[in-house]
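The structure appears right after this line, and notes come after that.
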Amino acid sequence: MVRPLGEEEIAVLLARDVVARVATIDADGYPHVTPLWFLWDGGAFHLASDAGRPHLARLRANPRAGLVIDVEGEQRPDGERPNQQVRAVGNAVLIPDAGGAWTARIWAKYLHGSAAAGPAERLGGRQRMLIRIVPSRLTAVASV
């Protein structure tokens, strides 16, 4: 059985440092799922990736994308493992991440301490692309 997540629960889940699983469609119509770090900001999912990655080529050819962010709790005495998930679909827009500004913002969500310092140096001159998905449909549920 599931229940809808409330606005605060959605915000808490989207702020967690868990991956988004992004589904893209290949030329033959088959789905491919890629785990990526993300940032929810301004009503959109923002993800960054090295230019030239296969999922970016698929999004250029077909911008329709789906994604899921989910977490699962420990097993309860009744044998269930409670979960929460946000699922979304929308069209992806690809934008060069000049200077890695979005990459740095996304990494700041996931990396802490000395690992968070110096994303520009860690990129070593690699070109990054921002994937921006404004959901046309968003579903947020939890098991009960």
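R60: surrounded by 15 or more Cβ atoms within 10 Å (Cβ to Cβ), basic (K, R) and touching a Leu at 6+ places or on another chain (Cβ under 9 Å), yes or no? Before you say what the answer is, go through the steps one by one.
Working: surrounded by 15 or more Cβ atoms within 10 Å (Cβ to Cβ): no; basic (K, R): yes; touching a Leu at 6+ places or on another chain (Cβ under 9 Å): yes.
No.
Only a single criterion out of (1) surrounded by fewer than 12 Cβ atoms within 10 Å (Cβ to Cβ); (2) on the phi > 0 side of the Ramachandran plot; (3) more than 14 Å from the chain's Cα centre (by Cα) is not satisfied by G43, namely (3).
Just give me the residues in segment 130-144 being over 14 Å from the mean Cα position of the chain (by Cα), surrounded by 14 or more Cβ atoms within 10 Å (Cβ to Cβ) and not polar (S, T, N, Q), in sequence order. Before you say what the answer is, go through the steps one by one.
So the first thing to find is which residues in segment 130-144 are over 14 Å from the mean Cα position of the chain (by Cα), and the list is 136-137, 139-144.
From what is left, the residues that are surrounded by 14 or more Cβ atoms within 10 Å (Cβ to Cβ) are 139-143.
Residues satisfying the conditions are A140, V141, A142.
Can you tell which of D41, D70, D97, D26 is over 23 Å from R128 (Cα atoms) and either hydrophobic (A, V, I, L, M, F, W, C) or out of contact with any Phe, Trp or Tyr (no Cβ under 6 Å at 6 or more places or on another chain) (or both)? Spell out how you get there, then give the answer.
Details: D41 fails: over 23 Å from R128 (Cα atoms); D97 fails: over 23 Å from R128 (Cα atoms); D26 fails: over 23 Å from R128 (Cα atoms).
When all the criteria are applied, what remains is D70.
Could you pull out the residue among G100, G90 that is over 17 Å from G43 (Cβ atoms) and either of a type in the set (G, A, S) or in contact (Cβ under 8 Å) with a residue 40 or more places away in the chain (or both)? Testing whether each residue is over 17 Å from G43 (Cβ atoms) and either of a type in the set (G, A, S) or in contact (Cβ under 8 Å) with a residue 40 or more places away in the chain (or both) leaves just G100.
Filtered by the rule that a residue be surrounded by 10 or more Cβ atoms within 10 Å (Cβ to Cβ), aliphatic (A, V, I, L, M) and either in contact with a helix residue (DSSP H, G or I) (Cβ under 9 Å, 6 or more places away or on another chain) or touching a residue at least 40 places away in the same chain (Cβ under 8 Å) (or both), segment 1-32 gives V2, L5, I10, L13, L14, A15, V18, V19, A20, V22, A23, I25.
Restricting attention to segment 123-142, and to residues there that are polar (S, T, N, Q) and out of contact with any Lys or Arg (no Cβ under 8 Å at 6 or more places or on another chain), which single residue is farthest from A48 (Cα to Cα)?
S136
Since every read-out is calculated from the coordinates, none of them should be taken as a lab result. For clarity, every value in this text was computed on a predicted model and none was experimentally measured. FYI the Cβ positions are ideal-geometry reconstructions off the backbone, even for glycines, and counts take in every protein chain you see.
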